[in-house]
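The values are calculated or read from the model by the stated rules, or taken from the named source; none is laboratory data. Since the model is a prediction, treat every value here as computed from it, not as a measurement. Positions of Cβ are generated from backbone atoms using ideal geometry, with glycine treated the same way; all protein chains shown enter the neighbour counts.
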Amino acid sequence: MTRMQRNANLAAVVIPFLAVFVAIVLLWNRAIGPVDLAIFAFMYLITGFGVTIGFHRLLTHRSFATSKPVEYLFASLGSMSIQGPVIEWVADHRKHHAHTDEEGDPHSPHVGGGHGLRGLAHAHVGWLMRNQGQARPWQYAKDLMEDPGMRRINRAFPLFVLLSLALPFLLGLALTGTLSGALVALVFAGFVRIFLLHHVTWSVNSVCHFFGRRRFAVDDQSTNVAWLAIPSLGEAWHHNHHAFPRSARHGLRRSEIDVTGFVIRLMKGVGLAWNVVEITPERQLAKEVGAERPADVPVAA
């Protein structure tokens, strides 16, 4: 990793973190209004789904098919999450699946950064300073590299960073009619939203390989973490995902809330998604048979 890449990643971690303290100062003794919450929720959902639907389930695992305009839209929204250019993100994640919890995994808490809390810190943030963007794109994301439109979105990442901050500012200005309202939206729905979405995504990398629950026979140490499922839009059913990586749904049981899987089903219903990969109960049961652990037992690192 070059010094410029490392410094850019450090800035992406530190600046939103500092913005949280700015938000506390700005909002001290001031109730968050419905406009502020609406802009925050809108920005969190569109960029969050850009990652979960676009970067992850569509582009990384091809869990469903859609039209090129929709594919490019989700790639653009995912870029606005400021988690790196789309091809880099996909290549890193495919490498994670190719070497899960083994040498070569970019962000396992069990290799590369030590074990225990040190490994957890490496999986959560430390890997960004060492391993992010180091997966070879022509090896791990050849399909995206061969797509001219996806390469353009990848190159335009700095513009998506600006758009990710400009959009909440403009929405705040339009909906409140004041500069102060626009600035609050910039801080709250811009920087604080980026901070929260970053750490929710990184928690899937770290927490969901460190402690939680398991029920399938898989070789890695992935887990399901129920309390993280809603803020991660369903990604925290991570053990399910590692058992069936191409599944469009990560929440495989009725009780496992998976907002992303629900949206994909809606897209299928209106004709925006097809060839949606679904895992039958029989396949799930077969995967449970022969598991080293009894079904649904808690595990800890």
Any residue that is within 23 Å of VAL276 (Cα to Cα), in contact (Cβ under 8 Å) with a residue 24 or more places away in the chain and either touching an Asp or Glu at 6+ places or on another chain (Cβ under 7 Å) or small (Gly, Ala, Ser) (or both) - is there at least one of those in segment 127-148? yes
Of the conditions (1) in contact with a strand residue (DSSP E or B) (Cβ under 7 Å, 6 or more places away or on another chain); (2) closer than 30 Å to GLU103 by Cα; (3) at pLDDT 90 or above; (4) part of a loop (DSSP other than H, G, I, E, B), ARG293 satisfies every one except a single condition; which number is it? (3)
Leading residue by the ranking (farthest from ILE46 (Cα to Cα)) among those in segment 137-156 that are touching a helix residue (DSSP H, G or I) at 6+ places or on another chain (Cβ under 7 Å) and surrounded by fewer than 14 Cβ atoms within 10 Å (Cβ to Cβ): TRP138
Output yes when any residue across segment 94-103 is touching a Phe, Trp or Tyr at 6+ places or on another chain (Cβ under 9 Å) and within 30 Å of ILE39 (Cα to Cα), and no when none is. no
Return the only residue of PHE49, PHE64, PHE74 being within 13 Å of the chain's Cα centre (by Cα) and over 25 Å from ALA182 (Cα atoms). PHE74
May I ask you to verify whether ARG193 is surrounded by 16 or more Cβ atoms within 10 Å (Cβ to Cβ), of a type in the set (Lys, Arg) and modelled with pLDDT under 95? yes
Does SER247 qualify as being modelled with pLDDT under 95, under 30 Å from ALA41 (Cβ atoms) and not in a helix (DSSP H, G or I)? no
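Restricting to segment 45-97, what's the tally of residues that are in a helix (DSSP H, G or I), of a type in the set (Val, Ile, Thr) and over 19 Å from PHE244 (Cβ atoms)?
6
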Looking only at segment 229-244, which residues are assigned to a helix (DSSP H, G or I) and either among the hydroxyl-bearing types (Ser, Thr, Tyr) or within 12 Å of the chain's Cα centre (by Cα) (or both)? HIS238
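For segment 144-194, give me each residue that is among the small types (Gly, Ala, Ser) and in a helix (DSSP H, G or I).
Matches in segment 144-194: GLY149, SER164, ALA166, GLY172, ALA174, SER180, GLY181, ALA182, ALA185, ALA189, GLY190.
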Kindly evaluate HIS97 against the criterion of being crowded, with 20+ Cβ neighbours inside 10 Å and under 16 Å from the mean Cα position of the chain (by Cα). no
Quick check on segment 61-94: of everything there that is crowded, with 23+ Cβ neighbours inside 10 Å and of a type in the set (Ser, Thr, Tyr), which residue is nearest to ASP258 (Cα to Cα)? SER63
So which of LEU159, LEU171 is buried (at least 20 other Cβ atoms within 10 Å of the Cβ) and modelled with pLDDT of 85 or more? LEU171
Residue satisfying all of: in segment 174-186; touching a residue at least 60 places away in the same chain (Cβ under 8 Å) and either closer than 13 Å to TYR44 by Cα or polar (S, T, N, Q) (or both); surrounded by the most Cβ atoms within 10 Å (Cβ to Cβ) among these: ALA185
